[in-house]
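The values are calculated or read from the model by the stated rules, or taken from the named source; none is laboratory data. Just so you know, these numbers come straight off a predicted model, no measurement behind them. For neighbour counting, all protein chains shown are included, and Cβ atoms are generated from backbone atoms with ideal geometry for every residue, glycine included. These area figures cover heavy atoms from the full protein model, side chains too; ligands, DNA and RNA do not enter into them. Shrake-Rupley method; radii C 1.70, N 1.55, O 1.52, S 1.80 Å.
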Amino acid sequence: MPSTSARTRSARNPVGAGRAVLVTGASRGAGLRTCRALAERGFQVYAGARGDGPHTEIRGVRVVQLDVTDEASIEGAVDAVRAAGEKELYGLVNNAGIIIQGPMELVPESELRRQFDVNVFGPARLTQAFTPLLRAGRGRVVNISAPTGRIAMPFLGPLSASKHALQALSDATRLELGHWGIRVVVIEPGSMETEIFSTAASASEKVLASLPPAQTAMYKEQFELLGAAAAKMKQHSPDYLANAVVKALTAATPKPRYTVGPDTRLVGLLARLPLRTRDGLIMRMFGLSKLKPAAA
Ligand SMILES: NC(=O)c1ccc[n+]([C@@H]2O[C@H](COP(=O)([O-])OP(=O)(O)OC[C@H]3O[C@@H](n4cnc5c(N)ncnc54)[C@H](OP(=O)(O)O)[C@@H]3O)[C@@H](O)[C@H]2O)c1
C-alpha cells in the first residue's frame, strides 16, 4: 500500500502531467479506451478522429480532426497540436486500423491499397509529421500491431501483410530515432471486442457480392468453416491494450515489443514453430483442416 503522502503526491503530480500524447483512431474501440486511460493518468490527450470523434466528452482529452490517409488532415493535426500550445509531444500512438479480409485470389487491388493506406502508410505519415515535436520531447512512438504482424492467417492476408510491414517499419524507425532518445514500441494485442470485425465483414460482403458468383462459390466451404470458427472465438475487453499503451509510455525503459492479452503464449509458440507444423495448427484452429482437397 502506498503511504498517504505518496498517494497525495501522485494525485497532485500524476505520471502524465505536463505530457502530451496524440492517439489516432480514437473515435471508438481500443483507441477511445486508450485516450481515457491516458487522461486518467494526467496526460494531455489529443484524440485523432474523423467526423465528430468520440461521442462523449472526456476530461483531459481534446478531439483533433484526423484522417490518417489524408496528408492535409495530418498537417492540420500537427497545426492543431501546436496551436494548443504544445512545443513538444511525449507520445504518438498509431492505433487507427482496419481489417481487409477475404481470399487472396479475389481481393481487389483497391482493397489491398486501402488496407496499406490506413495500417502502414498512415503510421508512417504520422511518424514523419510528428517527429520534430517528438524529438523536442524525447518522446515515444507506440504502434499498434497484432498477432498477424508475426503470423499470417488465412483469409486475413491483407491484414497480415499490413501488420508485418508495420512491424518492419517500427523496427527500422526504432533503430534510427533512438539517436534522439525517441523510443519506438510495438504492441501486439490479442483479440478484442470492438467493431473492427463487423466493419470488416460488411466491407468484404460488398466486395464478394460484386464478383462473379462462380468465383465466390469456390470458397463456399471455407467461408462456412471460418464462420463457425469465428463464432467460437473469444474476444476480450480492449482495456488490456489501453493498459499496455500506458505501460509503454510510462515505463522508464519500455520494451521494444509488448505482446498482450490472453493469446500471448499461443502467438509466441506459433511464431517459433517450423512452418509446416505451424501451417497444420493454424488450419486446425480455423477448422480448415476438415476440408477434403479440391478436385483438379
Ligand atoms: N480488435 C481486435 O481484436 C484487434 C486485435 C489486434 C489488433 N488490433 C488493432 O487495434 C487497433 C484498434 O482497433 P479496434 O479493434 O479498436 O478497431 P475499431 O473499433 O474498428 O476502431 C478503429 C479506429 O480506427 C479509425 N480509423 C479507421 N480508418 C481511419 C482513417 N483513415 N483515419 C483515421 N482513423 C481511422 C476508426 O475511425 P472511424 O470511426 O472514423 O472509422 C476507429 O476509430 C487497430 O490497429 C487494430 O488493427 C485490434
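With the contact rule set at Cα under 8 Å and sequence spacing of 6 or more, what percent relative contact order holds for the chain? Relative contact order comes out at 17 percent. For residue 247, the aspartates and glutamates whose Cα falls under 18 Å of its own Cα, not counting residues fewer than eight places away in the same chain, are 40, 188, 239. Seen against the Cα atoms of the chain and their longest principal axis, helix 275-285 is set at about 90 degrees. For region 213-296, the share of alpha carbon pairs falling in successive 10 Å distance bins from zero is 14, 30, 29, 18, 7, 2 percent. Residue-normalised convex hull volume from the C-alpha trace of region 103-150: 76 Å³ per residue.
For region 188-296, the solvent-accessible area works out to 65 Å² per residue, with a probe of 1.4 Å and every protein chain left in place.
For region 127-214, averaging the sequence separation of C-alpha pairs within contact (under 8 Å, six or more residues apart) and dividing by the residue count gives a relative contact order of 32 percent.
Could you pull out the pairs from 232/290; 232/255; 206/292; 234/292; 163/292 whose alpha carbons sit more than 25 Å apart here? Distance filter (> 25 Å) returns 232/255; 206/292; 234/292; 163/292.
May I ask for the longest run of the chain untouched by trypsin sites (Lys or Arg not before Pro) that are loop-located per DSSP and have at most 10 neighbouring C-beta atoms (other than their own) within 10 Å?
With a cap of 10 other Cβ atoms within 10 Å, the longest stretch comes to 88-233.
Sparsely packed loop sites in region 139-227 (the GluC sites (Glu not before Pro) outside DSSP H, G, I, E and B with at most 15 other Cβ atoms within 10 Å) comprise 193, 195. Taking the accessible area of the chain, probe 1.4 Å, and keeping the other protein chains in place, the carbon and sulfur fraction comes to 54%.
Are there any GluC sites (Glu not before Pro) in region 75-169 that are in a DSSP loop and have at most 12 other Cβ atoms within 10 Å? List them by number. In loop regions of region 75-169 (DSSP not H, G, I, E or B), the sparsely surrounded GluC sites (Glu not before Pro) are 105.
Calculated mean residue ellipticity, 222 nm, the chain: -15000 deg cm²/dmol, from DSSP H runs (n ≥ 4) at -39500 (n - 2.57) each, averaged per residue and rounded to 500.
Taking the longest Cα principal axis of the chain as reference, the axis of helix 122-136 is set at about 20 degrees. Helix 29-40 against the longest principal axis of the chain: what's the angle in degrees, Cα atoms only, rounded to the nearest 10? So the inclination is approximately 20 degrees.
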